[in-house]
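The values are calculated or read from the model by the stated rules, or taken from the named source; none is laboratory data. Computed from a predicted structure; not experimentally measured. In this analysis, Cβ positions are derived from the backbone assuming ideal geometry, glycine residues included, and neighbour counts consider all displayed protein chains.
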Amino acid sequence: MGMAMAERLQACGQQVYLCDVDPARQALGRSLGMQVETAPAALALQCSRILIVVLDALQVRDVLYGGSLASPASPLPDRLLAALKHDHRIMFCSTVSPQEASFACEQVTQAGALALDTPISGGPARARRGEISMMIAGPLATSSSFAEVLDLLSTKKFYISERYGDGSRAKLVNNLLAAINLVGAAEAMALGERIGLDPNMLLHLISESSGASWMLSHRMPRALGQEAGITAQTHVLSKDVILANAMAGELGLDLPLGALAAAHMQATCDAGWREADDSAVFLWYQKRFINPLPHIPT
């Protein structure tokens, strides 16, 4: 979603500097008039407001200091911590554990710059329209310094608290329920199809009845081939619900439904739909109902 956010800012008249390991996205950025940098430190020399939009904690650490190849105290010279100054403001937009979000923000503040824990939701299409949701945690003054960028990117900004990590906590709670709703919708829809009901009729019925959910109405049209495209790849939601279960586990809590959702999302990844839209969990249920698979443990 990072590229879509960059496109949005560029379309709104912002000068955008891009650092991406994907040559295709580098080429797209250049075609849109963005300046492409080869490393995070080079990016920091060009601009003071930096948004980090990567997949997971390992990638966040790699951007910051080089991950397993270095340390925050001795970052690689081409990584972000090696180039940070007091006027830099960094937004961490990835969904990671609360501990990782806090760690990243603290590394930036210890370097004398400003940081926000700001996970995002909504997918590339909404990002290009400036309609993503943002869960913001960090000092109010830091949030205010990003006001223009936040307004351009998001019509749904939720200020969670000043505690780093709370943005990630809120995002994981939301995505836990999203995964539960998606798996439930896929199971019900696949059952309806298996007993001979028209799935398109069933989707219309449920969308207007007590079984409705946002995930059902947003994802199932793609599962049924009514719409094309990818909002979120299956492995991304799988990662998030696993993180939500781990967050609960740290408090000595178990999530019966969360564990089931994680198991079914991971099974969908393992069955070959890892890079597909996460509505592919419906396809996995179709396969399971035609050829019964072993029981998935909770």
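If the condition is being touching a helix residue (DSSP H, G or I) at 6+ places or on another chain (Cβ under 8 Å), small (Gly, Ala, Ser) and modelled with pLDDT of 95 or more, then region 103-126 contributes Ala104, Ala111, Ala115.
Counting only helices (runs of 4 or more DSSP H) that fall entirely inside region 1-120 and contain at least 1 residues that are of a type in the set (A, V, I, L, M, F, W, C) and more than 20 Å from the chain's Cα centre (by Cα), the qualifying elements are 2-11, 23-31, 40-46, 98-110.
None of Ala41, Ala6, Ala24 is more than 24 Å from Gly122 (Cβ to Cβ), not assigned by TED's automatic domain parsing to the domain that holds Ala232 and not hydroxyl-bearing (Ser, Thr, Tyr) except Ala41.
Would you confirm whether or not region 187-195 contains a residue that is charged (D, E, K, R) and not assigned by TED's automatic domain parsing to the domain that holds Gly258? Within region 187-195, not a single residue is charged (D, E, K, R) and not assigned by TED's automatic domain parsing to the domain that holds Gly258.
Going by the conditions given, is Leu243 closer than 16 Å to Val173 by Cα and either surrounded by 13 or more Cβ atoms within 10 Å (Cβ to Cβ) or of a type in the set (Val, Ile, Thr) (or both)? Yes: the conditions hold for Leu243.
For (1) in contact (Cβ under 8 Å) with a residue 40 or more places away in the chain; (2) farther than 23 Å from Ser143 by Cβ; (3) surrounded by 20 or more Cβ atoms within 10 Å (Cβ to Cβ), each residue gets a yes or a no:
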{"residue": "Gln14", "(1), (2), (3)": "yes, no, no"}
{"residue": "Leu28", "(1), (2), (3)": "no, yes, no"}
{"residue": "Ser31", "(1), (2), (3)": "no, yes, no"}
{"residue": "Ala39", "(1), (2), (3)": "yes, yes, no"}
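Every condition in (1) within 17 Å of Gly122 (Cα to Cα); (2) within 20 Å of the chain's Cα centre (by Cα); (3) of a type outside the set (Ser, Thr, Tyr) is met by Gln266 except one, and the failing one is (1).
For region 168-183, filtering for residues that are more than 21 Å from Phe103 (Cα to Cα) and in contact (Cβ under 8 Å) with a residue 24 or more places away in the chain leaves 9.
Scanning region 125-167 for residues that are within 30 Å of His264 (Cα to Cα), in contact (Cβ under 8 Å) with a residue 40 or more places away in the chain and touching an Asp or Glu at 6+ places or on another chain (Cβ under 9 Å) turns up Ala125, Ala127, Gly165, Asp166, Gly167. Just so you know, in region 281-292 the residues that are more than 15 Å from Leu216 (Cβ to Cβ) and in a helix (DSSP H, G or I) include one that is modelled with the lowest pLDDT, and it is Ile290.
For region 199-230: of the residues being touching an Asp or Glu at 6+ places or on another chain (Cβ under 6 Å) and in contact (Cβ under 8 Å) with a residue 24 or more places away in the chain, which is nearest to Glu187 (Cα to Cα)? Looking at residues that are touching an Asp or Glu at 6+ places or on another chain (Cβ under 6 Å) and in contact (Cβ under 8 Å) with a residue 24 or more places away in the chain, I get Pro199.
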